[in-house]
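Below you'll find the structure, written out as structure tokens, and then a few comments.
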Amino acid sequence: MTIKRIRFMQELLTFFGLEGRLHLEWISSAEAQKYVQVVTDFTEKIRQMGPNPLKKIDAAVKGAI
Amino acid sequence: MSGSEGNFKVSLVQHPRYVDTNKCIACGICAEKCPKRVDDAYNEGLGKRKAIYVPYSQAVPLKYAIDDTQCIYLNKDRCGICENVCPSGAINFKDTQKERSLHVGSIILSTGFTSFDPSKLDNLGFARHPDIVTSMGFERMLSATGPFGGHLCLPSEKKHPRHPDRIAWLQCVGSRDENRCSNGYCSSVCCMYAVKQAVMAKDHSQDPLECAIFYMDMRTQGKDFDRYVDTARENGVRFIRSRVHSVVPLMDKTGIEMKYIDDSGHIQTEIFDLVVLSTGLEIGKSAVELSNTMGIELDQFNFIQTGSFNPVSTSVPGVYACGVLTGPKDIPQSVMEASSAAAAATENIAPARHTKTKSIRVPQERDTSREFSKIGVFVCNCGTNIGGVINVPEVVEYARTLPGVTYVEENLFTCSQDTQDKMARVIKEQGLNKVVVAACSPKTHETLFRETLVSAGLNKHVFEMANIRNHDSWVHARTPEQATEKAKKLVRMAVAKSVLLTPLFESRLPVTQSALVVGGGVAGMTAALTLARQGFPVTLVEKNQNLGGNARQLNKTYLNEDIGAYVKQLIHTVEKNERIRLFAGATVKQVDGFVGNFDTTIVAEGVEQQISHGVAILAVGARESKPEEYLYGTHDAVLTHLDLDTVFKTDENRIKTADNIVFIQCVGSRDKTHPYCSKVCCTHSIQSAIEIKRLNPDANIYIIYRDIRTYGKRELIYKQARDLGILFFRYDLDNKPVVSPNDGCVTIEFDDPILNRRVSVDADILCLASRIEARDNLDLSRAFKVVSDSDGWLLEAHQKLRPVDFATDGVFLCGMAHYPKPIDESIAQAKAAASRAITTLAQDSISVGGIVSTVNPRFCSGCGACINVCPYGAIAMNDEKNIVDINSALCKGCGACAATCPSEALTLDGFNNEQLYAQIKSAMTA
Amino acid sequence: MNLIDQVEQLFIQDKIDIFLGYKALDGHLLPHGFTRDRMEELKALQVSEGRYSLEKIATHLTEKHPDIRIGMIARECNLRTLNLLYTWKQLNPENIETINISCCPSPLKPHSDCSYLEPKQTGAYKKTHGIDFNADPDTFLDDFNNKNRFSRWMYEFNKCIKCYGCRNICPVCFCDECSLEHASLVEPGTLPVDVPIFHLIRATHMAGRCIDCGLCEDACPMDIPLRLLYRQVNAIVSDIFDYRPGNGTDQSPFTIIGEKTVLEPKPMDAQLEGEKEYGL
């Protein structure tokens, strides 16, 4: 169910133009290395994608007011 | 060991571990600094560990130990680095062997198995080439905590990791083999684990991976196993029916060559990168010594000798055994036997229950509902574990500035006993009403801190943890400044949530200490009798007028035990037992209530009866299906197994005069519409065939099969059958035998794959191994809020780890209603179900509340979305108010409903939306 | 039998207590509840070319009077709504009588399932900066890249004046407590609205519920192409959960027990183009 729900959210965000910013991975409590790897990879991916464009909007809107 | 049943004196030797488990905080500094590297036995020698180590990452207790065969200090009196670096002073080189003496009523042995060592088999090349590994080794290779971090790499190429492209599995290494080793039995589990490993290996591999499994018979007789195999085959796993005779690493290091004979008799050669030997299960030397010391009878393979009717009893009264120690078996069966052994071992000492129980006294809880938040924050250094990376004083100062915080303290070890005593004192002195501990994982320490809160007069739920060790100092050791910032954020989040924490209350609900057992077959009767002998009243409901179920028709077990006599005796015992109330010809009509407090209406001979009970065991069994093929029902020579068992009992002459007898296996099983194995038929056919040979040695017997699944020690009768001259022919699903009438006989035509010719037999008796099918349990499962799988078998809570529980509390299952199984497994499961039931029945009340979901009736619009997502059947529609009700006795606090509710009418106490939003908000604000 | 006679029969046979239809008032057709006490009003009963969510009125009536029997005019979209409301236990099918009206006598118009609706015209500026009303979710995904989609949606969402019109008209929004009014999610009393949280919440809550009637888009005073958004929501739900809301009274696709999925979590390394620069 989690896979399906997250997949829904991923597709919806893609439609919104926020593709790739949500990720789901199965990691058991025994898989510390995998956890570190996934978090590191995801952090790196987001870094490459650049800052959250929503923050820019937030700032712009606040500036306007 | 001395003494006898009910009164054993046992002396135990506890070997020194040189680490004080009370002091060790499992920080791992000792292992980091230890200079001695040794082969890691847990990783099958594929990786290294230190001389001071935790055997594996989920070890309980999670404490270090020193390997005294390897430690430099213990062997050469040098080094001692671990003692110097240990922050809690836990190392004790003077630790000695301790002897302990115990006075007990019963003993359970569960020492398990060792994996067969294939280095004695020179034809398989193990230990001569690193890329030939055992299945245990491969299991470790796939594991994220294993030697390669879960990456599928060839062990031969350590420096430049290379992924294998082709992997082969060789089945039956050290099993079903009396020539190269003396393990004549089948290890039962290897086929399934090899398929699982192949599927997982494909999963792990980014490039296309070729997987091939070389096998003799595919023995995947467990629940849902055949489906798994079918899926694996569809996903490209190759299955090759052949026993590989030699495995040769190529001289030019380009791979490992395997030669085998294919189905058509031709020699084939293939090259693989990695070869996995599916090694069998056997009993280790020390387990044999232990059994010998205790005077327990073993069989020819050193398994503990047990009987089908007492699957967990050893030859010594009062000593029980479970798991592979009594014969090869998989996880669910081992888990069942474990519960079963617990029930058997406590049967005779049941009156002693609770006689040594002590209860703790807790102070009156302080009412904090009218107070402002006074939050105390305790920041732990965890020796140098946290303090070595994070600037703890800085975090402490930061915590002081957070709203609601009135007290902050830094501890060396917050979890140590003296700090706990101090914490309780501080809570009282400072009048704290909420506590945040910034330390390690709530998984290991939350309970401890909560106890301290309770001892200081606070509700245990006004507590929150910030994990600044596992989530912070351990993973960000190289960037201490950022780690300190993260620690502040984690503390800030915990404080933000704790402001909104409210006390949660638990109440006690009384338990009706009696049971209802539905189904009076062998499983149901065994469960009822087990409960009754443990002192609990039981209501046994049987649909038919007679007890006994399918077993009444059965003849003998594969160990040649007389089932009829056993069932007769069992019925007699059940009927005589005064704690068992028997309702024959009765069915369950309606079930109200929940764990501890069921109210069930049964209808017995047209009269309704109300039964109050605390737990229920469903043992409604299954039935032999009536085949619709092979002339069954139209020709008298065609019988099913149960028909043939009746012939044995009533018409021996028919067997004695028969010339040709044919068995066809998998009739209606393992096909498209019923893709499961009926598990018992191979053994049943062979057992019957042997019995026929005994009565009529001149009879020609033919068994036409797809895979012979005589798993475990049943393999012995397969061998016996072949020795007796019983002939076996294999057929495929797309080339089934053809049966046609021929006067008093039937003619069976089929292809013999070895002769590669069509063969025909005129049989006087044709016995069909017809499918075992589930009964229609729809009404029953609705009443008890349990579910069936797509084949109709009742679905347990967890197929491996909770094989007799339902997801719904207080309801248990056993026998063939779960899946087809032989009588010994039914009995083991029945005792296990009773054992699980006793965990509820032995309490006079159950705790209700705490972290559970609650519904706000004002917000609920009665859409019922939450009812389907609740895995525990705890939510029901209140038709009067058109909103839902949550039964907090059944709620486990998973929160699925709260996440589903569109209008946030449902909240999980202790994790409500406001608390979570506060945490998120606190994390996001810079 | 014409519409008015049919309704009369329902009253005579005592099958309903109230009938929901449309009645002209000052030249406008407005929803109206016809009752047995005022049968003479039935003469004014009409089928409206405009649409209103009669089911919403029915839901409110049922909430107050659980046993009330309601008759109503039902188009295709109304029938889908009713199915959904039966599924979610907001209406009892035994208490509802419908008089079905086929509203698609002519070939479907490009934009709408409903022939009464004229396709919307999209202005030139909206076409270059925002989103064409008549776009199809698939072509929208194909035509624009991630960055472009983002900026177009943000153009649309930023116009939102948080009037709650989309929710108020929505026939399947029946919750007593609405997440869009949760102070911790949507800050009350401020504009512009929290973008895109407001619309994202509504979109996720439409999953498994939206029956694609298009009333939200009709109601939106700021011309946000909401129907396109929820059509994509429906497409995803249909792909992933194999569930089409309103298409029968099957239970919701959200369950945990016995759930088996062949779906795998999405791999992380999906390569994206034009990610670095998001325009506003």
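The values are calculated or read from the model by the stated rules, or taken from the named source; none is laboratory data. What you are looking at is a predicted structure, and each value in this text was computed from that prediction instead of being measured. Ideal geometry is used to build each Cβ from the backbone, glycine not excepted, and the neighbour counts take in all protein chains shown.
Considered as a group, the residues in the stretch C:190-214 that are of a type in the set (D, E, K, R) and in contact (Cβ under 8 Å) with a residue 60 or more places away in the chain include one that is nearest to the other protein chains (Cβ to nearest Cβ), and that residue is C:209. Residue B:165 - would you say it is free of Cβ contacts under 8 Å to residues at least 24 places away in the same chain and surrounded by fewer than 17 Cβ atoms within 10 Å (Cβ to Cβ)? So residue B:165 fails the test. Checking each residue in the stretch B:402-445 for being part of a loop (DSSP other than H, G, I, E, B) and closer than 17 Å to residue B:88 by Cβ picks out B:412, B:413, B:414, B:415, B:416, B:440.
In the set B:611, B:655, only one residue is in contact with a Ser or Thr (Cβ under 6 Å, 6 or more places away or on another chain), surrounded by 16 or more Cβ atoms within 10 Å (Cβ to Cβ) and not in a loop (DSSP other than H, G, I, E, B); that residue is B:611. For the stretch B:388-399, the tally of residues that are in a loop (DSSP other than H, G, I, E, B) and crowded, with 17+ Cβ neighbours inside 10 Å stands at 3. Which one is surrounded by the fewest Cβ atoms within 10 Å (Cβ to Cβ), of the residues in the stretch B:451-470 that are in a helix (DSSP H, G or I) and within 14 Å of chain A (Cβ to nearest Cβ)? Restricting to residues being in a helix (DSSP H, G or I) and within 14 Å of chain A (Cβ to nearest Cβ), the top hit is B:470.
Residues in the stretch B:558-585 that are in contact with a helix residue (DSSP H, G or I) (Cβ under 6 Å, 6 or more places away or on another chain) and in a loop (DSSP other than H, G, I, E, B): B:558, B:577, B:579.
Just checking, which of B:137, B:105, B:125 is over 30 Å from residue B:418 (Cβ atoms) and in contact with a Gly (Cβ under 7 Å, 6 or more places away or on another chain)? Talk me through it step by step, then tell me what you get.
Values: B:137 fails: in contact with a Gly (Cβ under 7 Å, 6 or more places away or on another chain); B:125 fails: in contact with a Gly (Cβ under 7 Å, 6 or more places away or on another chain).
One residue alone meets the criteria, B:105.
Among the residues making up the stretch B:893-926, those that are away from every other protein chain (no Cβ under 12 Å) and closer than 20 Å to residue A:1 by Cβ are B:893, B:898, B:908, B:911. Is it fair to say residue C:8 is surrounded by 10 or more Cβ atoms within 10 Å (Cβ to Cβ) and not in a strand (DSSP E or B)? So residue C:8 fits the description; yes. Taken over the stretch B:852-883, the criterion of being crowded, with 17+ Cβ neighbours inside 10 Å, more than 10 Å from chain C (Cβ to nearest Cβ) and of a type in the set (A, V, I, L, M) is satisfied by B:852, B:855, B:874, B:875. Each residue in the stretch B:122-135 was checked for being surrounded by 20 or more Cβ atoms within 10 Å (Cβ to Cβ) and not small (Gly, Ala, Ser), and 6 of them qualify. Among the conditions (1) part of a loop (DSSP other than H, G, I, E, B); (2) hydrophobic (A, V, I, L, M, F, W, C); (3) surrounded by fewer than 21 Cβ atoms within 10 Å (Cβ to Cβ), the only one that residue B:448 does not satisfy is (1).
When the residues of the stretch B:54-108 are filtered to those that are among the β-branched types (Val, Ile, Thr) and assigned to a loop (DSSP other than H, G, I, E, B), which remaining residue is surrounded by the fewest Cβ atoms within 10 Å (Cβ to Cβ)?
Filtering the stretch B:54-108 for residues among the β-branched types (Val, Ile, Thr) gives B:54, B:60, B:66, B:69, B:72, B:81, B:85, B:91, B:96, B:104, B:107-108.
Add one more test, that the residue is assigned to a loop (DSSP other than H, G, I, E, B), and what stays is B:54, B:60, B:69, B:96.
Working: B:54: 20, B:60: 5, B:69: 9, B:96: 9.
In this case the residue turns out to be B:60.
Residues that are in contact with a Cys (Cβ under 7 Å, 6 or more places away or on another chain) and assigned to a strand (DSSP E or B) are absent from the stretch B:794-811 altogether.
Output the residue which, of all residues in the stretch C:224-246 that are of a type outside the set (S, T, N, Q) and under 19 Å from residue C:154 (Cβ atoms), is surrounded by the most Cβ atoms within 10 Å (Cβ to Cβ).
As a first pass, look at the stretch C:224-246 and keep what is of a type outside the set (S, T, N, Q): C:224-231, C:233, C:235-237, C:239-246.
Then keep just the ones that are under 19 Å from residue C:154 (Cβ atoms); that gives C:224-230, C:233.
Values: C:224: 23, C:225: 23, C:226: 26, C:227: 22, C:228: 21, C:229: 28, C:230: 25, C:233: 26.
Step by step, filter the stretch C:224-246, then rank; the result is C:229.
Could you please let me know if residue B:847 is in contact (Cβ under 8 Å) with a residue 40 or more places away in the chain, in a strand (DSSP E or B) and closer than 20 Å to residue B:797 by Cβ? For residue B:847, the condition - in contact (Cβ under 8 Å) with a residue 40 or more places away in the chain, in a strand (DSSP E or B) and closer than 20 Å to residue B:797 by Cβ - is met.
Tallying residues that are closer than 15 Å to residue C:3 by Cα and either hydrophobic (A, V, I, L, M, F, W, C) or at pLDDT below 85 (or both) within the stretch C:19-39 yields 4. For the stretch A:10-45, a residue qualifies if it is under 13 Å from the mean Cα position of the chain (by Cα) and more than 7 Å from every other protein chain (Cβ to nearest Cβ), and the qualifying residues are A:13, A:14, A:21, A:22, A:38, A:39, A:40, A:43, A:44.
Elements of the type helices (runs of 4 or more DSSP H) sitting completely within the stretch B:865-926 and holding at least 2 residues that are under 30 Å from residue B:435 (Cβ atoms): these cover B:896-900, B:913-924.
Candidates B:341, B:350, B:321: the one that is in contact with a strand residue (DSSP E or B) (Cβ under 7 Å, 6 or more places away or on another chain) and over 22 Å from residue B:115 (Cβ atoms) is B:341.
Restricting the search to helices (runs of 4 or more DSSP H) fully inside the stretch C:119-189 and requiring at least 2 residues that are in contact (Cβ under 8 Å) with a residue 40 or more places away in the chain and surrounded by 15 or more Cβ atoms within 10 Å (Cβ to Cβ) gives C:137-143, C:146-158, C:165-169. Only one of B:350, B:342 is of a type in the set (Gly, Ala, Ser), under 15 Å from residue B:827 (Cα atoms), surrounded by fewer than 24 Cβ atoms within 10 Å (Cβ to Cβ) and in contact (Cβ under 8 Å) with a residue 12 or more places away in the chain. Can you tell me which? Going through B:350, B:342 in turn, the sole match is B:342.
Residue by residue through the stretch C:230-248, note down the ones that are in contact with a Pro (Cβ under 8 Å, 6 or more places away or on another chain) and within 8 Å of another protein chain (Cβ to nearest Cβ). Quick ask: steps written out before the conclusion?
If we filter the stretch C:230-248 for residues that are in contact with a Pro (Cβ under 8 Å, 6 or more places away or on another chain), which is where we start, we get C:231-232, C:234-235, C:237, C:241-243.
C:232, C:237, C:241 - these are the residues of the stretch C:230-248 that are in contact with a Pro (Cβ under 8 Å, 6 or more places away or on another chain) and within 8 Å of another protein chain (Cβ to nearest Cβ).
For the stretch B:131-138, the criterion of being farther than 25 Å from residue B:302 by Cβ, assigned to a helix (DSSP H, G or I) and without any contact (Cβ under 8 Å) to a residue 12 or more places away in the chain is met by no residue. If the condition is being of a type in the set (D, E, K, R) and surrounded by 21 or more Cβ atoms within 10 Å (Cβ to Cβ), then the stretch B:824-851 contributes B:824, B:825, B:831, B:836.
In this structure, does residue B:629 turn out to be in a loop (DSSP other than H, G, I, E, B), free of Cβ contacts under 8 Å to residues at least 12 places away in the same chain and either more than 18 Å from residue B:814 (Cα to Cα) or of a type in the set (Val, Ile, Thr) (or both)?
Numbers: in a loop (DSSP other than H, G, I, E, B): yes; free of Cβ contacts under 8 Å to residues at least 12 places away in the same chain: no; either more than 18 Å from residue B:814 (Cα to Cα) or of a type in the set (Val, Ile, Thr) (or both): yes.
So residue B:629 fails the test.
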